[in-house]
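Participant: Have a look at the structure that comes next, please.
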Amino acid sequence: MVELNVNGIAHSVDAAPETPLLWVLRENLGKTGTKFGCGAGVCGACTVHLDGEAVRSCQVPLADAEGAEIKTIEGLSSGNGDLTKLQQSWIDLQVPQCGYCQSGMIMAAAALLKATPKPTDDDIDAAMTNICRCGTYSRVRAAIHRAAGTE
Amino acid sequence: MTGTINLSRRTFLGTAAAAFVVELRMTGSVAAQGTPQPQILNPFISIEQDGSVRLVAPAFDMGQGSHTSLAMILCDELGARWEDVRVEGPGINSAFIVPGVGEQATHGSFMVRSWHDPLRKAAASARIKLVRAAAARWQVPEASCTVADGRVVSGNNHAGFADLAADAAVFPDIEDPEVLGTRKLVGQPVARIDIPAKVDGRAMFGLDVRLPNMAYAAIRQAPVFGSALEGVDETSLSPDVLALVKLPDAVIAVADTFWKAKSALEDLDIRFSSSENDTATSADLRADRVANLDRGEFATPILSGDPLSILSAAQGSADKSVITAEYDTPYLAHMSMEPMNCTVHISGNRCEIWVPTQGLSATMQAAVTVTGFSEENIIIHPTMPGGGFGRKYETDFVVQAIRAAMAVDRPVQLIWTREQDVQHDFYRPAMTARMSAALSKDGKLEAFVMRKSGPSILEHTLGFPLIEGSDPIAWLGFGTQTGSAPGQLQQYDVADVAGEFAFTPTFVPVGYWRSVGASENGFFIESFIDELAHSAGTDPYEFRRNLLRSSPRALAVLEKAATEAKWGQSLPNGHFQGIALTDVVGSLVAQVIEISVPDGKLAVNRVTVAIDCGRAVNPDSVIAQMQGGIVMGLSAAINERIDIEDGRTTQSNFYDYEVAGLAATPEIDVHIIESGEALGGVGEAAIPAVAPALANAIFAATGKRIRSLPLLDHL
C-alpha cells in the first residue's frame with residue numbers, strides 16, 4: 001500500500017510503486033479531471049501540482065508521490081462550487097473548446113501565477129508548453145493576464 | 001446588412017448573470033428513478049416538471065459551441081427563459097439523421113446550418129402546442145395568447161411551461177408551424193453552456209467513463225499496414241491479464257487497470273506477418289502519384305467550357321502565356337487530445353457502448369455487425385469528445401472494444417496509447433496536383449486546370465465505388481458552395497475550368513481530416529492564383545479583386561480582410577504579407593498573414609481573417625473557431641507530416657509529430673461579415689486558407705515559391 005495525500009485527503013492505494021501517478025489518480029481514486037494525452041510528458045494534459053510545482057503526472061512514479069502534497073484540478077478551488085480567479089477568467093474569456101486539455105492547462109497556469117504573480121508574455125510563453133489541438137492559446141494567454149491583472 | 005463584430009467585446013450574456021446555471025448534461029446521467037417524466041413535445045424538445053426546457057441535440061459538440069448555438073435558436077423561437085434551457089445528447093433517433101446526408105453524424109460543419117431550420121420549426125410547433133393547451137384551459141382564442149420568458153399569457157391568465165406541458169403534449173405536432181424568427185439571443189455573444197464543467201474537472205469525456213467492476217484494455221496493432229497477427233508467445237504472459245484477445249491484425253490485453261494491461265502487452269513477444277508493404281516509403285507513394293499524372297488518364301469531375309483547347313492554343317502563342325506548377329501535400333495525423341477509446345458492456349444479448357463518436361449511425365452498424373445483435377439490443381451512450389477533427393467518425397476502435405468485452409464478463413474500457421493513435425490513424429491523404437493556366441497578354445485568366453492524383457476517402461474508408469472515376473470528397477473547396485455564378489473555381493470569374501482526377505490507391509488508411517479535400521485544395525488553388533498574379537505582374541490582392549467582379553459577396557470578404565490587415569500599406573521593416581480566399585462548407589473566408597523572417601527563421605506575426613457565414617448565431621463561437629482553426633492550419637502548414645518507412649508510420653507521439661504551441665501563436669484578428677445569406681458552416685472554415693496565405697507571404701518575403709508542405713522542409 002502506498003500512502004497518498006490528494007487535495008488534502010489521505011488515501012491508501014494498492015498499486016505497484018512504478019505505476020504512474022496519472023493512472024492511480026484516474027483509476028484508483030476516480031480523479032478523472034486529470035487527463036491522459038501522450039504518456040510521454042510532452043502534452044501536459046496530465047499536469048497536477050506536487051508540493052506546489054506543476055508536474056506531468058504520467059512521468060511521476062507512484063513511489064515518488066508518496067508523502068507529497070498532490071493537488072489535482074478537482075482540488076484547485078475550495079470545493080464549495082466557488083472557483084479560483086484563474087478558473088473564473090477561463091469562463092469569462094470562454095477559453096475551452098473541446099476542453100480535454102484544459103485541466104492540465106489551468107494547473108500549469110496556476111503554478112505559473114504562484115511563482116510569477118505578474119507574468120509577462122515571455123513568462124507565459126516559457127511556462128505554458130501544454131498542447132491544445134483546438135488551438136485555444138490566444139484565449140489561454142488572455143485569461144492568464146486577466147487573472148493576474150496584467151491585461 | 002454588413003457589420004463586423006468587435007473582438008474586444010467581453011461581456012457575454014450568461015456570464016454576466018449570477019444565476020447562470022445552465023450545464024451540459026450528457027445522456028447517461030438521466031434523472032434518478034422515481035422522478036416525474038418530462039413531457040416530450042417532439043424529438044428535440046421536452047419540458048421538465050421543474051420548468052426546465054430540455055433540448056436533445058441531434059449531434060455532438062466537439063467544442064465548436066454548437067450545442068449552445070442550437071439552444072439559443074430553440075430558446076428564441078420557443079419563448080423560453082435562457083436559464084431554463086438544458087442540452088442533452090446527442091440522442092439516437094431517426095429524426096436526427098442529418099438532412100441530405102442520410103446518417104446521424106457530426107461532420108462537414110453541418111451542425112448549426114443543417115439543424116437551424118428543423119429546430120426552429122420544432123420549437124415553433126412546441127410553442128403553438130403550449131398556446132393551444134393554454135387557450136383550451138382558459139377558454140380564450142389562441143390568438144389572444146403570447147409567449148415569452150417561459151410563460152403563456154392571455155389577459156389576466158398566465159401559466160408557466162411546466163404547468164401546461166402535460167396538456168400540450170397531447171396535441172399532435174404542427175405540420176408547418178408559423179416561425180416567428182424571434183432574435184433575442186441569436187446574433188449575440190452567449191456564454192457556452194459546456195464551459196463551466198471544463199474548468200474544474202467535472203466534464204466527462206469518453207476516457208472518464210467509470211462503471212462498476214470495469215476492466216481496462218490496451219492494444220497493440222500490426223505496425224506495418226497490411227500485416228497480420230502470426231502468433232503470440234504466451235509463456236511470459238503476466239498473471240495480471242484477465243483475457244488476451246487476438247484479432248486478425250492486433251492483440252488486446254485486458255486487466256483490472258490500464259497500466260497492468262499496457263505493461264503486460266509490452267512484455268509479450270508478438271509476431272506479425274510480413275506484408276507486401278514491408279519496404280514501402282512515402283517517396284514510393286509520391287512516385288506512384290506522379291507516375292499516374294504522367295500516364296495522363298484522368299476522370300473529369302469538373303468541366304466548364306473548353307480549358308484544354310484554350311491551353312494548347314495558348315502554348316506558343318505570342319499574346320498569351322501558359323503557367324504550370326506541381327504541388328504536393330503530405331499525410332497528416334489528427335492528434336485529438338483524447339486518444340481513441342471506447343467502453344463496452346455485454347450482458348446476454350445486450351450490448352452497451354460508451355464512446356466519443358462523430359459517427360453514430362456508423363457505430364450502430366459496426367456494433368450490429370460485430371455482435372450479431374439487433375439494433376434494439378445495442379445501446380449507444382455518446383460521450384463528450386476530447387477533440388475529433390474527423391478521426392472519431394471511424395469505428396475501428398469501437399469494433400476492438402466490443403471484441404475485448406466479448407472476452408470477459410465485465411465492462412471493458414479500451415484505451416489506445418498515443419503511439420497507437422499516431423501510427424494507426426486514418427490520415428489526411430497525401431495528394432499531388434498539377435496546375436496549369438492560360439493568361440492573356442493583359443493578365444486576364446482565360447483557363448484553369450487542376451489535375452489531382454491521390455487516394456480516395458470514398459473508396460478506402462467509406463467503401464463506396466468511385467463516382468465516374470473520381471471522389472467528390474477530393475474536390476471539396478474547388479467550386480463554390482455558397483451558390484454564386486460564376487462558381488466553377490470558387491467564385492472567380494473564369495469560364496473555362498477543369499478538375500481532373502487520377503485515382504492512385506494506397507495501403508495507407510485515409511480519412512476525414514478537418515476540412516477534408518479543401519485542406520489541400522486551398523493550398524493548391526490559392527498558391528497557384530498567387531503565382532498567376534505574379535506572372536501577370538499584378539498585386540495578388542488586385543488580381544483576385546479583378547476575378548471577383550461578378551461575386552460581390554466574395555469580394556466583400558476579400559476586401560474586409562485586406563482592409564483590416566492594411567494590405568498594401570507600409571509594414572514594419574522586414575514584415576511581409578500573403579493573402580488567400582476560400583469557399584468551403586458554405587462559408588467564405590479570406591485571410592491575410594503577416595510574417596517576418598528574422599535570422600532566416602519564420603515568425604508568423606499576425607493573421608487577419610474575415611468570414612461570411614451568412615449569419616453568426618453565436619458570434620463568439622465563430623471567433624473561437626477562426627482562432628483555433630487558424631492555429632491548427634498554421635501547425636499543419638509549417639510543421640506537420642506523417643512519413644511512411646518500411647510500410648509503417650515513422651512518427652509516434654507529440655515529440656516527433658510536433659503540433660503548434662502557445663508561444664508560436666500569432667495575434668489573430670477576426671472579422672465577421674453578416675451578409676444575411678444562408679447559414680454556412682464554421683468549424684472547418686478557417687483551415688484551407690492558412691497554408692496558401694502563409695506560403696504566399698513567404699514568397700513575398702523571400703521570392704521562394706513553396707509548392708510542397710510542410711513549409712519547414714524548405715526554410
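The values are calculated or read from the model by the stated rules, or taken from the named source; none is laboratory data. Note that the structure is predicted; figures quoted are calculated from it, not measured. Here the Cβ positions follow ideal geometry from the backbone for every residue, glycine too, while neighbour counts run over all protein chains shown. These accessible areas exclude ligands, DNA and RNA; they are computed on the full protein's heavy atoms, side chains included. Shrake-Rupley method; radii C 1.70, N 1.55, O 1.52, S 1.80 Å.
Participant: I want the local charge near B:W259. Using Cβ-Cβ distances under 14 Å, sum +1 for each Lys or Arg and -1 for each Asp or Glu among the other residues.
Facilitator: Working: positive: A:R26, B:K260, B:K262; negative: A:D14, A:E18, A:E27, B:D240, B:D256, B:E266, B:D267.
That sum, taken over residues with Cβ under 14 Å, equals -4.
Participant: Counting only DSSP beta bridges with both residues in chain B, what percent are antiparallel, rounded to the nearest 5?
Facilitator: Values: 83 of 114 bridges.
Antiparallel bridges make up about 75 percent of those DSSP assigns within chain B.
Participant: Just to verify a number: what accessible area does A:M128 come out at with the full protein assembly present, 1.4 Å probe, Å² rounded to tens?
Facilitator: Solvent-accessible area, nearest 10 Å²: 0 Å².
Participant: Expressed in nm to one decimal, what extension gain is obtained for the pair B:K566 and B:S550 from 0.36 nm per residue of sequence separation less their Cα-Cα distance?
Facilitator: Values: separation 16, 0.36 × 16 = 5.76 nm, distance 2.41 nm.
Residue separation times 0.36 nm, minus the Cα-Cα distance, leaves 3.4 nm.
Participant: For segment B:203-249 and segment B:415-474, what is the separation of their Cα centres, given in Å?
Facilitator: 34 Å
Participant: Could you please state how large a percent of the accessible area of segment A:85-148 is carbon and sulfur, counting protein chains only and using a 1.4 Å probe? Walk me through the intermediate numbers first.
Facilitator: Working: 980 of 1770 Å².
Percent of accessible area from carbon and sulfur atoms in segment A:85-148: 55.
Participant: Given a 1.4 Å probe, show me the residues in segment A:15-53 buried by at least 40 Å² of accessible surface when comparing the whole protein assembly to the chain alone.
Facilitator: Buried by 40 Å² or more upon assembly, which counts only protein chains, are A:W23, A:R26, A:E27, A:T32, A:K35, A:F36, A:G37, A:C38, A:V42.
Participant: Pick out the long, greasy-scoring helices in chain B: whole DSSP H runs spanning 24 Å or more along their own axis by Cα, mean Kyte-Doolittle at least 0.5. Display every interim value, and only then the final one.
Facilitator: Details: long enough: B:111-138 (39 Å, -0.19); B:517-536 (28 Å, 0.13); B:619-638 (28 Å, 1.00).
Both cut-offs are met by B:619-638.
Participant: By DSSP, what percent of the beta bridges with both residues in segment B:39-198 are antiparallel, rounded to the nearest 5?
Facilitator: Values: 12 of 16 bridges.
Antiparallel bridges: around 75 percent, rounded to the nearest 5.
Participant: I'm checking a number: the convex hull volume of the Cα atoms of the protein assembly as shown, normalised per residue, in Å³. What is it? Walk me through the numbers before you get to the answer.
Facilitator: On the way: hull volume 149.0 nm³, N = 866.
Dividing the Cα hull volume of the protein assembly as shown by its residue count gives 172 Å³.
Participant: While we're looking at this one, here's another question. What aspartates and glutamates could a cross-link reach from A:K35, if we take a straight Cα to Cα line under 17 Å and drop same-chain neighbours fewer than 8 places away?
Facilitator: A:E27, A:E74, B:D200, B:D208, B:E338, B:E419, B:D421
Participant: Could you list the chymotrypsin sites (Phe, Trp or Tyr not before Pro) in segment B:642-703 that lie in coil according to DSSP, counting only those with at most 13 other Cβ atoms within 10 Å of their Cβ?
Facilitator: Values: sites: B:F654, B:Y655, B:Y657, B:F699; in loops: B:F654, B:Y655, B:Y657.
In loop regions of segment B:642-703 (DSSP not H, G, I, E or B), the sparsely surrounded chymotrypsin sites (Phe, Trp or Tyr not before Pro) are B:Y655.
Participant: Rank B:P212, B:C342, B:L119 by how far each Cα sits towards the positive end of the charge dipole of chain B (+1 on Lys, Arg Cβ; -1 on Asp, Glu Cβ) and give me just the farthest.
Facilitator: B:L119
Participant: Within the set of other residues whose C-beta is less than 15 Å from the C-beta of B:R606, count the net charge using Lys and Arg as +1 and Asp and Glu as -1.
Facilitator: Taking every Cβ under 15 Å from that of B:R606, the sum is -3.
Participant: Note the full-extension length gain between B:A299 and B:D240 as 0.36 nm times their separation in residues minus their Cα-Cα distance, in nm to one decimal. Kindly include the intermediate steps, with their values, before the conclusion.
Facilitator: Working: separation 59, 0.36 × 59 = 21.24 nm, distance 5.54 nm.
In short, 15.7 nm is gained.
Participant: Taking a probe of 1.4 Å, how large is the accessible area per residue of segment A:85-148, in Å²?
Facilitator: Result: 28 Å² of accessible area for each residue.
Participant: Quick one: which bits of segment A:107-151 get at least 20 Å² less accessible when the partner protein chains are in, versus the chain alone, with a 1.4 Å probe?
Facilitator: A:D125, A:M128, A:I131, A:R133, A:C134, A:G135, A:Y137, A:S138, A:R139, A:R141
Participant: Report the extension gain between B:N157 and B:Q315 in nm, rounded to one decimal, defined as 0.36 nm multiplied by the number of residues separating them, less their alpha carbon distance. Walk me through the intermediate numbers first.
Facilitator: Numbers: separation 158, 0.36 × 158 = 56.88 nm, distance 8.10 nm.
Taking B:N157 through B:Q315 to full extension adds about 48.8 nm, to one decimal.
Participant: May I ask for the distance between the Cα centers of segment B:544-600 and segment A:125-140, given as a whole number of Å?
Facilitator: Their Cα centres are 26 Å away from one another.
Participant: To the nearest 10 square angstrom, how much accessible area does B:R137 have with a 1.4 angstrom probe?
Facilitator: Number for this one is 100 Å².
Participant: Report, in debye and to the nearest 20, how large the dipole of segment A:85-148 comes out about its Cα centre when Lys and Arg carry +1 and Asp and Glu carry -1 on their Cβ.
Facilitator: On the way: 7 positive and 5 negative charges, 38 e Å.
Dipole of segment A:85-148, to the nearest 20 debye: 180 debye.
Participant: Turning to a different aspect of this structure: Which of the listed residues, A:L21, A:G44, A:H11, is farthest toward the dipole's positive end in chain A, when Lys, Arg count +1 and Asp, Glu count -1 at the beta-carbon?
Facilitator: Most positive-ward Cα: A:G44.
Participant: Per DSSP H run of n ≥ 4, the term is -39500 (n - 2.57); total these for chain A, divide by its residue number, and report the mean residue ellipticity at 222 nm rounded to 500 deg cm²/dmol. Mind showing how you got there, number by number?
Facilitator: On the way: 5 runs with 45 residues, N = 151.
Calculated from helices alone, the mean residue ellipticity at 222 nm is -8500 deg cm²/dmol.
Participant: Taking the solvent-accessible surface of protein heavy atoms with a 1.4 Å probe, what is the per residue accessible area of segment B:450-596 in Å²?
Facilitator: On the way: 4550 Å² over 147 residues.
Counting only protein heavy atoms, the per-residue value for segment B:450-596 is 31 Å².
Participant: Run down the aspartates and glutamates and flag those whose C-alpha is under 18 Å from the C-alpha of B:K246, throwing out any fewer than 8 positions away in its chain.
Facilitator: Straight-distance partners of B:K246: B:E230, B:D233, B:E234, B:E266, B:D267, B:D269, B:D396, B:D409.
Participant: Still on this model: For a quick check of understanding: with a 1.4 angstrom probe and all protein chains in place, what accessible area in square angstrom does A:K71 have, to the nearest ten?
Facilitator: Ignoring ligands and nucleic acids, A:K71 comes out at about 80 Å².
Participant: Normalised by the residues of chain B, what does the relative contact order come to in percent, with Cα pairs under 8 Å and at least six apart?
Facilitator: Details: 1622 pairs, mean separation 103.6, N = 715.
It comes to 14 percent, rounded to a whole number.
Participant: Turning to a different aspect of this structure: Under a 1.4 Å probe, what is the accessible area of segment B:39-198 per residue, stated in Å²? Don't skip to the answer; put the middle values down first.
Facilitator: Numbers: 5890 Å² over 160 residues.
It amounts to 37 Å² per residue over segment B:39-198.
Participant: Between B:R350 and B:D149, what is the label-point separation in nm under the 7 Å Cα-to-beta-carbon projection?
Facilitator: 4.5 nm
Participant: Tell me what chain B gives for mean residue ellipticity at 222 nm when only DSSP H runs of n ≥ 4 count, each as -39,500 (n - 2.57), the sum divided by the residue total, rounded to 500 deg cm²/dmol.
Facilitator: Working: 15 runs with 189 residues, N = 715.
Mean residue ellipticity at 222 nm (helix-derived): -8500 deg cm²/dmol.
Participant: At a probe radius of 1.4 Å, figure out the A/B buried accessible area, summed over both chains, and give it in Å² to the nearest 100. Walk me through the numbers before you get to the answer.
Facilitator: Values: alone 7660 and 27790 Å², together 31080 Å².
Answer for the A-B pair: about 4400 Å² buried.
Participant: Compare B:M72, B:M406 by solvent-accessible area with a 1.4 Å probe and give them largest first, with all protein chains kept in place. Let's see the in-between values first.
Facilitator: Details: B:M72 0, B:M406 90 Å².
Listed by decreasing accessible area, they come as B:M406, B:M72.
Participant: Also, I was wondering about something else. Kindly tabulate the residues in segment B:202-216 with an accessible-area decrease of at least 30 Å² between the chain alone and the assembly of all protein chains, using a probe of 1.4 Å.
Facilitator: Those residues are B:F205, B:L207, B:D208, B:R210.
Participant: Could I have the simple spin-label model distance between B:A663 and B:V101, label points 7 Å from Cα toward Cβ, reported in nm to one decimal?
Facilitator: Going by the 7 Å Cα→Cβ label model, 3.9 nm.
Participant: Quick one: Cα centre-to-centre distance for segment B:616-677 and segment A:23-63, in angstrom?
Facilitator: Using only Cα atoms to place each centre, the spacing works out to 26 Å.
Participant: Still on this structure, I have one more. Can you tell me which lysines have their Cα less than 24 Å from the Cα of A:K118? Leave out same-chain residues fewer than eight positions away.
Facilitator: The reachable lysines, counting only those whose Cα sits under 24 Å from A:K118, are A:K71, A:K85.
Participant: Right, here's the next one. What is the antiparallel percent of DSSP beta bridges lying wholly in the protein assembly as shown, to the nearest 5?
Facilitator: On the way: 95 of 128 bridges.
That works out to approximately 75 percent antiparallel.
Participant: If I take every Cα pair under 8 Å that is 6 or more residues apart in segment A:85-148, average their sequence separation and divide by the length, what percent do I get for the relative contact order?
Facilitator: Working: 52 pairs, mean separation 33.5, N = 64.
The normalised contact order for segment A:85-148 reaches 52 percent.
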